[in-house]
């Protein structure tokens with residue numbers, strides 16, 4: 001797991017670049033291709049560059065509607081703010097399966113485990129304790145295909161409505 005950081009905004013040139021910088025409010029779609037803000041290589045030197053296919057969730061501001069339980073999978077090399085947590089799977093769990101698992105359980109995790117009085121947050125210490133059961137990679141791939149077909153069907157139905 002990795003939580004990001006925000007480059008200093010005093011130097012405006014750090015936010016005048018080509019590298020994705022993901023904030024928690026951008027984690028609304030399954031995949032994230034580009035971000036509202038992009039940082040320079042100089043700013044990225046102090047952050048971890050996430051590879052394509054990294055699963056990222058929102059960990060700050062979980063009291064806000066539409067933030068709790070949200071996550072996306074990167075489709076471009078990206079960096080993240082401190083309001084996000086990126087996951088590199090251990091064992092044979094795929095990020096696609098982890099995304100689907102979190103879409104089902106993320107809201108409950110946010111309600112039950114987030115801490116803070118004004119702003120509800122998750123932390124590394126909380127998230128590292130979760131144990132996730134998962135099938136072998138072949139079964140994960142089958143489930144991911146099935147979920148993808150359902151998502152497409154829902155999207156089509158929404159367009160019809």
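Quick check on my filter: what residues within segment 39-71 are farther than 14 Å from residue 4 by Cα and in contact with a helix residue (DSSP H, G or I) (Cβ under 8 Å, 6 or more places away or on another chain)? Give the steps one after another, and end with the answer.
Keep residues of segment 39-71 that are farther than 14 Å from residue 4 by Cα, which gives 40-42, 52-53, 61-71.
40, 42, 53, 61, 62, 67, 68, 69, 70, 71, listed by residue number.
Restricting segment 85-106 to residues that are in contact (Cβ under 8 Å) with a residue 60 or more places away in the chain and in contact with a helix residue (DSSP H, G or I) (Cβ under 8 Å, 6 or more places away or on another chain), which is nearest to residue 59 (Cα to Cα)?
Of everything passing the filter in segment 85-106, 85 is nearest to residue 59 (Cα to Cα).
Step by step: first the residues of segment 33-47, then only those that are touching a strand residue (DSSP E or B) at 6+ places or on another chain (Cβ under 9 Å) and either without any contact (Cβ under 8 Å) to a residue 12 or more places away in the chain or assigned to a helix (DSSP H, G or I) (or both), then the one that is nearest to residue 97 (Cα to Cα). Which residue is that?
Looking at the filtered set, the residue picked out is 44.
Can you name every residue in segment 53-69 that is crowded, with 22+ Cβ neighbours inside 10 Å and assigned to a loop (DSSP other than H, G, I, E, B)? If you could, list the steps in order and put the result at the bottom.
Going residue by residue through segment 53-69, those that are crowded, with 22+ Cβ neighbours inside 10 Å are 54-60, 62.
Within segment 53-69, 54, 59, 60, 62 qualify.
Among the candidates 73, 93, 132, which residue alone is in contact with a strand residue (DSSP E or B) (Cβ under 8 Å, 6 or more places away or on another chain), farther than 21 Å from residue 9 by Cβ and not in a helix (DSSP H, G or I)? Outline the logic, then answer.
Working: 93 fails: in contact with a strand residue (DSSP E or B) (Cβ under 8 Å, 6 or more places away or on another chain); 132 fails: in contact with a strand residue (DSSP E or B) (Cβ under 8 Å, 6 or more places away or on another chain).
The conditions single out 73.
Residue by residue through segment 107-129, note down the ones that are surrounded by 13 or more Cβ atoms within 10 Å (Cβ to Cβ), in contact (Cβ under 8 Å) with a residue 60 or more places away in the chain and in a helix (DSSP H, G or I).
127
Take the conditions over 16 Å from residue 2 (Cβ atoms) and exposed (fewer than 12 other Cβ atoms within 10 Å of the Cβ) and apply them to residue 150. Does it pass? Break it down stepwise before answering.
On the way: over 16 Å from residue 2 (Cβ atoms): yes; exposed (fewer than 12 other Cβ atoms within 10 Å of the Cβ): yes.
Here the answer is yes, as residue 150 does meet what is asked.
Name every residue in segment 116-127 that is modelled with pLDDT of 85 or more and farther than 17 Å from residue 24 by Cα, in order of residue number.
Of everything in segment 116-127, those that are modelled with pLDDT of 85 or more and farther than 17 Å from residue 24 by Cα turn out to be 125, 126.
Looking for something part of a loop (DSSP other than H, G, I, E, B), at pLDDT 85 or above and surrounded by 11 or more Cβ atoms within 10 Å (Cβ to Cβ) - is there at least one such residue anywhere in segment 138-146? Working first, answer last.
First, the residues of segment 138-146 that are part of a loop (DSSP other than H, G, I, E, B): none.
Looking through segment 138-146, none of the residues is part of a loop (DSSP other than H, G, I, E, B), at pLDDT 85 or above and surrounded by 11 or more Cβ atoms within 10 Å (Cβ to Cβ).
Filter segment 23-50 for residues that are surrounded by fewer than 17 Cβ atoms within 10 Å (Cβ to Cβ) and under 21 Å from residue 65 (Cβ atoms) and give the result.
Correct list: 25, 28, 29, 30, 36.
How about segment 19-32: which of its residues are in a loop (DSSP other than H, G, I, E, B) and either modelled with pLDDT of 95 or more or under 18 Å from residue 9 (Cα atoms) (or both)? Break it down into steps so the answer makes sense when it comes.
Initial filter on segment 19-32 (in a loop (DSSP other than H, G, I, E, B)): 23, 27-30.
23 - this is the single residue of segment 19-32 that is in a loop (DSSP other than H, G, I, E, B) and either modelled with pLDDT of 95 or more or under 18 Å from residue 9 (Cα atoms) (or both).
For segment 128-140, which residues satisfy the criterion of being out of contact with any helix residue (DSSP H, G or I) (no Cβ under 7 Å at 6 or more places or on another chain) and closer than 27 Å to residue 24 by Cα?
Hits for segment 128-140 are 128, 129, 130, 131, 133.
The values are calculated or read from the model by the stated rules, or taken from the named source; none is laboratory data. All of these numbers come straight from a predicted model, not from anything done at the bench. A quick note on method: Cβ atoms are made from the backbone with ideal geometry, for glycine too, and the neighbour counts reach across all protein chains shown.
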